[in-house]
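Here the structure comes first, spelled out in structure tokens, and everything after it is commentary.
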Amino acid sequence: MPHRTFFWFIIPSLAAMILFIALPVISVITQSLHVEHEKVLISSENCGPFGCKQVTIVDVAATTQLRADQPLGQFSGFDNYTNRNHLAFDEVGLAWEGSENIGIFIKKLLNLPFYKALAFTLTYTFVVTPFVIVLGLAIALGVNALPKFAKGPTIFVSLLPMIVTPLIGSLILFWMIDGEGIIGASIQYLFNDPGLSLKASPALTWMMLIVYGIWHSAPFSFIVFYAGLQTVPADTLEAATIDGANRWQRIRYVVVPYMKPLVVFIMLMQLMDNFRVLEPIVSFASEASATSLSWIIYKDLTSDTQLFGSAAATSMLTIIGVAILLLPVLFRTWRDFSRTAH
Amino acid sequence: MGTIKTIALTATAAAILTSSAAFAACGIAGNANVSIMGNDFPALHAVFSAAEQCAGDGVTVTKNHNKDYKDLMVPALTANPAEYTALTVSNGTLVTLMNDDLVRPLDDLVAKHGSGLNKSQLVTVNGKVMAVAFMANAQHLFYRSDILEQVGMSADELQTYEQVLTAAKRIRDAGLMEYPVALNTKAGWNLGEEFVNMYLGTGADMFVPGTAKVSINNAHGVATLNMLKSLVSYSHPDYLTFDSNATQALWEGDKLALATMWGSRTAGVLDAEGSTEQVVMNTDFAAAPSFNGGTIPASSLWWDGFIISKNVSDADAEASFIAMMNGISTEMVQANNDAATWLIEGYKPSKAASGVTATAMNGAAPYPMYPFMGALHGAAGSELSDFLQGSESAGQALADMEAAYNVAAKEKGFL
């Protein structure tokens, strides 16, 4: 294709990518390098239904002037990335020097909000992703072996967990595991302990969130694998059967190799999806026990004190995190691709 | 009970209809747009509906109740003209709006149309009226008189949180309830509020006066944290997920005997829905207890009031003020007497309001209106749970809170 034609060919998608991907990312980067302009504080007497009190207030006129001079706020370099709420370089350094052993260091590290969130985010990603892939393949193989009339309804029912909005799905589960809910009350009855609760300890909360994640994402991998199974050539399977392969061997040596590109695809999607887990944390009210990077962003943007620079910095760190996670998978795919191309 | 409710509803409807006939258009001159936004609870529904009666004759009134109004209000009022002409706020949210200069001073409108207001309803900052308060709220003690009686205690013995702990221990030891106590301790805003309330009970300042420098890592802070930890040791292990809805459900479900909850929940607890006769009959309210040898109730007083947006035309601002004045009229209060602890002329305090009133009478402090208060509140909400769960010391938790506050305050330009 001549360069000129190629150029005109891609310009619409290029324009869309610049407008909808590149510019927003640049804007977030810019935001992450700034903090708000200085607030000029003055003393004032505030009165209300409960009497008067001398308090500090923001001098609105002076602050408005500062804001007009610096609409972006104050440039702060990488402060938003290195402060205690993010990578916390100073605190990590102090913790390293002040800890006798690695256990104490890790405890101190996990006391910092970013690392606490990162620990759960990574655990969630690396536990949920393999489970979703294996479980999805198992369900797909099972459904594929069903008689024809049962397939449609089974597929529909299997997809339901994915159809339920994560926020709602996790809220329903949250109520079910409540001491008054069906699961929570049953567990308390079984173990005869009214204080037993899945919401109470960090370990149980982590487990519950991970189980929810698997329940929610398995249908996605199931439907992709199920579609893939329809393309496995019947001849090869038949030949394997004639050669004496049993069902397990047919799956292991014929079906799974055929599914390999799909495994890579699902792994990519799941790594990205699970790394930005948010809704179950909100619905399960699990802030005390488990947080995630996306949840930190959400909190910065919705609390009384909105921190845009902080949210932008966490967003950039999330993008970098996703890139690091996907790199090995992408590299492998690229290597396989160039090997077959030559 | 059902019939009584129907009658009450009919009476309310009749009252609103009559007032609408009497106050049609409310004397708003010319064409104007009034749009009101605020939180979503029954007392505000009554206020907004009464304000809506001013529609007609070229005046339009629209209303929006939204639980997430705090997240929407700044962008909505920053627009010029503002998306909403009037907003109902509390002492916590007014500061956020004032920090961004989004509130119109009301002195002229109060002089012109505010003759019916009590002076105490006017919220003034630096001498200028910025908001008109119409109801009060505070967290205070809810107790079950029947259960207290069974352990041989009376309401007079619940003046301090130390006494509450004694009562809780007796209830547990008597085998009546394993987890008799609850506070709204959901990690985040709710837990932050419990910290602020308890700390105010010490009477100490949270900031170095005149600056945004936080000073909570001291003996008062440690006492505050220890009391919170003692109280949650009598709460169900789920306590870090308890918000107002959860604690109200536990109360109505006969699972609690002593709880610190919002005054705005009393009407819901006392009504016939969602609970048993036994619970409703024996539910009583008292002032928030004090602690640590102090006399100040460990709670904060909140008011709800309305403001007028800065970025609206004078005509719309005046119309909005008149409409809101109609919303908080004596007629509205008479029709909705028990929906809130009203600050409005004509209100007859009932049992539902007794806890808030007692808390105010005992000298509780208002929720602090510092511009940087939100940053400390947020830091408390997220850094306290490790201490309550026993995985770090009080000193470490307070140091974490200060560190988290410093980062947020620095980013907001306060430090």
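The values are calculated or read from the model by the stated rules, or taken from the named source; none is laboratory data. No experiment lies behind these values; they were computed from the predicted model shown. Cβ coordinates were reconstructed from backbone atoms using ideal geometry, including for glycine residues, and neighbour counts include every protein chain displayed.
Which one of the conditions (1) more than 30 Å from B:TYR370 (Cβ to Cβ); (2) surrounded by fewer than 20 Cβ atoms within 10 Å (Cβ to Cβ); (3) touching a Ser or Thr at 6+ places or on another chain (Cβ under 8 Å); (4) within 11 Å of chain A (Cβ to nearest Cβ) does B:ALA249 fail to meet, given that it meets all the rest?
(3)
Test B:ALA174 against the stated conditions and say whether it is at pLDDT 95 or above and over 22 Å from B:SER244 (Cβ atoms).
It is true that B:ALA174 is at pLDDT 95 or above and over 22 Å from B:SER244 (Cβ atoms).
Confirm whether A:LEU167 is within 14 Å of chain B (Cβ to nearest Cβ), surrounded by fewer than 14 Cβ atoms within 10 Å (Cβ to Cβ) and in contact with a Pro (Cβ under 9 Å, 6 or more places away or on another chain).
Answer is yes for this residue.
Which of the residues spanning the stretch A:71-106 are of a type outside the set (Phe, Trp, Tyr), over 22 Å from A:THR314 (Cβ atoms) and surrounded by 14 or more Cβ atoms within 10 Å (Cβ to Cβ)?
A:SER99
Those residues that are loosely packed, with under 14 Cβ neighbours inside 10 Å and not aliphatic (A, V, I, L, M), I need them from the stretch A:237-248; list them, please.
A:GLU238, A:ASP243, A:GLY244, A:ASN246, A:ARG247, A:TRP248
Results for (1) touching a helix residue (DSSP H, G or I) at 6+ places or on another chain (Cβ under 9 Å); (2) within 30 Å of B:ALA379 (Cα to Cα); (3) crowded, with 19+ Cβ neighbours inside 10 Å, shown as yes or no for each residue.
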{"site": "A:HIS216", "(1), (2), (3)": "yes, no, yes"}
{"site": "A:GLN230", "(1), (2), (3)": "yes, no, no"}
{"site": "A:ASP235", "(1), (2), (3)": "no, no, no"}
{"site": "A:VAL254", "(1), (2), (3)": "yes, no, no"}
{"site": "A:LEU278", "(1), (2), (3)": "yes, yes, no"}
{"site": "A:SER289", "(1), (2), (3)": "yes, yes, yes"}
{"site": "A:ALA313", "(1), (2), (3)": "yes, yes, yes"}
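Please specify each residue of the stretch B:392-405 satisfying the condition of being of a type in the set (S, T, N, Q) and either more than 8 Å from chain A (Cβ to nearest Cβ) or surrounded by 24 or more Cβ atoms within 10 Å (Cβ to Cβ) (or both).
Listed by number, the list holds a single entry, B:SER393.
For residues that are touching a Ser or Thr at 6+ places or on another chain (Cβ under 7 Å) and modelled with pLDDT of 95 or more, scanning just the stretch B:208-234, find the one that is nearest to the other protein chains (Cβ to nearest Cβ).
Among residues in the stretch B:208-234 that are touching a Ser or Thr at 6+ places or on another chain (Cβ under 7 Å) and modelled with pLDDT of 95 or more, the one nearest to the other protein chains (Cβ to nearest Cβ) is B:VAL232.
Of all helices (runs of 4 or more DSSP H) completely enclosed by the stretch B:242-284, which ones contain at least 1 residues that are closer than 29 Å to B:LEU388 by Cα?
Per the criteria, B:244-252, B:266-270.
Does B:LEU376 qualify as being surrounded by fewer than 23 Cβ atoms within 10 Å (Cβ to Cβ) and at the interface with chain A (Cβ under 10 Å from one of its Cβ atoms)? Give the derivation first.
Details: surrounded by fewer than 23 Cβ atoms within 10 Å (Cβ to Cβ): no; at the interface with chain A (Cβ under 10 Å from one of its Cβ atoms): yes.
Spelling it out, it is not the case that B:LEU376 is surrounded by fewer than 23 Cβ atoms within 10 Å (Cβ to Cβ) and at the interface with chain A (Cβ under 10 Å from one of its Cβ atoms).
Would you point out which residue out of B:MET369, B:MET324 is in a loop (DSSP other than H, G, I, E, B) and either at pLDDT 95 or above or out of contact with any His (no Cβ under 7 Å at 6 or more places or on another chain) (or both)?
After ruling out the rest, the residue left standing is B:MET369.
Please go through the stretch B:71-105 and give me each residue that is more than 13 Å from chain A (Cβ to nearest Cβ) and outside any helix (DSSP H, G or I), ordered by number.
B:ALA79, B:ASN80, B:PRO81, B:ALA82, B:GLU83, B:TYR84, B:THR85, B:ALA86, B:LEU87, B:THR88
Given the residues B:ASP314, B:ASP338, which is the only one that is under 30 Å from B:LEU72 (Cα atoms), under 18 Å from the mean Cα position of the chain (by Cα) and not aliphatic (A, V, I, L, M)?
After applying the criteria, what remains is B:ASP338.
Taking the condition of being modelled with pLDDT under 95, assigned to a helix (DSSP H, G or I) and in contact with a Phe, Trp or Tyr (Cβ under 8 Å, 6 or more places away or on another chain), how many residues in the stretch A:297-317 meet it?
Qualifying residue count, the stretch A:297-317: 2.
Go through (1) modelled with pLDDT under 90; (2) within 8 Å of another protein chain (Cβ to nearest Cβ) for B:LEU415 and report which single condition fails.
(2)
Quick one: which of A:VAL35, A:VAL28, A:VAL58 is at pLDDT below 90, surrounded by 14 or more Cβ atoms within 10 Å (Cβ to Cβ) and on the phi < 0 side of the Ramachandran plot?
The unique qualifying residue is A:VAL58.
Count, please, the residues in the stretch B:292-351 that happen to be basic (Lys, Arg) and under 30 Å from B:GLY192 (Cα atoms).
Residues in the stretch B:292-351 being basic (Lys, Arg) and under 30 Å from B:GLY192 (Cα atoms): 1 in total.
Restricting to the stretch B:342-363, count the residues that are within 8 Å of chain A (Cβ to nearest Cβ) and within 24 Å of B:ASP205 (Cβ to Cβ). Walk me through how you get there before you give the answer.
Let us first name the residues in the stretch B:342-363 that are within 8 Å of chain A (Cβ to nearest Cβ), namely B:343, B:360.
With within 24 Å of B:ASP205 (Cβ to Cβ) added as a condition, the list becomes B:360.
The number of residues fulfilling the criteria is 1.
Out of everything in the stretch B:379-391 that is part of a loop (DSSP other than H, G, I, E, B) and surrounded by fewer than 23 Cβ atoms within 10 Å (Cβ to Cβ), what residue ends up being farthest from the other protein chains (Cβ to nearest Cβ)?
If we take residues in the stretch B:379-391 being part of a loop (DSSP other than H, G, I, E, B) and surrounded by fewer than 23 Cβ atoms within 10 Å (Cβ to Cβ), then B:GLY390 is farthest from the other protein chains (Cβ to nearest Cβ).
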